[in-house]
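Okay, structure first, notes after.
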Amino acid sequence: MRVDILTLFPDMFPGVFATGMLRIAREKGLLDVRTHDFRRFAKGVHQSVDDKPFGGGPGMVLKPEPVFECLESVLGDERPLPKMLLMTPDGAPFTQKTARALVREPRIVILCGRYEGFDERIRQGWPFEAVSIGDYVLSGGELASMTIVDAVARLIPGVVGHGLSTLKESFEQGLLDHPHYTRPASFRGMDVPEVLLSGDHERIAAWRHDEALRITKERRPDLLRNLPERSD
Ligand code: 6GU
């Protein structure tokens, strides 16, 4: 999968992309992620990428020219256009379902904004899908884009060691995950539930499902209202 990220702050990315699962995905050749500083396409001595909003009001607006020219440089005449995401708090909520859909895309372009907003012609001129990672305001789309790249990259077949592990974890079955234990079986007076030591795989599976339900009811009852039909 190829990901191109348009940003005014490319320095925010290298540590994240050189660490853990993203590093492994890149080393295995399964993820090719690049950042593009669209300030390079800004005109004039000041190379400004923002300007005052027509009609007045607070804050600054991202100008269309540097974004258009950077996109044209990154995409050349590649058609059809790849999946294009616009990072903005007024976008559609990013969920595990979105991540599962995005991992099917061979190429994704992500535009990170700063300032009060994007000139509307950026959305008119390109088929962006606006995406938000939650109901709070970040000072720019960069952290959100890293979140999306991380969530999607770990779903690429071959990136996570154990293929089943991404199917069993939180959200994939519409439930939060059950508790996990490892050795020692007894630690400072706290014991691992007996069933997990029993070797009885059916009982273990039933216990885990019950615990997942209990934890979801307790912490995220909203998730139970949209549970998918069980496929197993
Ligand atoms: Cl994608 N961008 C910004 N600036 N703030 C956000 C966000 C995105 N998602 C949640 N808050």
What tally of residues in segment 192-232 results from selecting those that are surrounded by 12 or more Cβ atoms within 10 Å (Cβ to Cβ), charged (D, E, K, R) and more than 18 Å from residue 168 (Cβ to Cβ)?
2
Among (1) more than 20 Å from the chain's Cα centre (by Cα); (2) more than 10 Å from the ligand (Cβ to nearest atom), there is one condition residue 98 misses while meeting the rest; what is its number?
(1)
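In segment 26-33, is there at least one residue being without any contact (Cβ under 8 Å) to a residue 24 or more places away in the chain, in a helix (DSSP H, G or I), in contact with a helix residue (DSSP H, G or I) (Cβ under 8 Å, 6 or more places away or on another chain) and not acidic (Asp, Glu)?
Let us first name the residues in segment 26-33 that are without any contact (Cβ under 8 Å) to a residue 24 or more places away in the chain, namely 26-27, 29.
Filter again for in a helix (DSSP H, G or I), leaving 26-27.
Restricting the remaining residues to those that are in contact with a helix residue (DSSP H, G or I) (Cβ under 8 Å, 6 or more places away or on another chain) gives 26.
Cutting the leftovers down to not acidic (Asp, Glu) gives us 26.
Yes: one or more hits.
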Subset of segment 156-174, residues modelled with pLDDT under 95 and surrounded by 13 or more Cβ atoms within 10 Å (Cβ to Cβ), comes to 159, 160, 166, 168, 169, 170, 171, 172, 173, 174
I'd like to know if segment 218-225 contains one or more residues that are assigned to a loop (DSSP other than H, G, I, E, B) and on the phi < 0 side of the Ramachandran plot.
yes
For residue 113, the lone unmet condition from (1) more than 14 Å from the chain's Cα centre (by Cα); (2) near the ligand (Cβ under 10 Å from one of its atoms); (3) surrounded by fewer than 19 Cβ atoms within 10 Å (Cβ to Cβ) is (3)
Suppose we filter 135, 150 for residues that are in a loop (DSSP other than H, G, I, E, B), under 30 Å from residue 115 (Cβ atoms) and of a type outside the set (Lys, Arg); which single one remains?
135
Determine which member of the set 58, 89 is within 14 Å of the ligand (Cβ to nearest atom), more than 28 Å from residue 159 (Cβ to Cβ) and in contact with an Asp or Glu (Cβ under 8 Å, 6 or more places away or on another chain).
89
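In the set 142, 169, 194, which member is within 16 Å of the ligand (Cβ to nearest atom), among the acidic types (Asp, Glu) and out of contact with any Pro (no Cβ under 7 Å at 6 or more places or on another chain)? Don't jump to the end; show me each part of the working.
Working: 169 fails: within 16 Å of the ligand (Cβ to nearest atom); 194 fails: within 16 Å of the ligand (Cβ to nearest atom).
Result of the check over 142, 169, 194: 142.
The values are calculated or read from the model by the stated rules, or taken from the named source; none is laboratory data. As the structure is a computational prediction, the values presented were derived from the model and not from experiment. Virtual Cβ from ideal backbone geometry, glycine too; neighbours counted across all protein chains shown.
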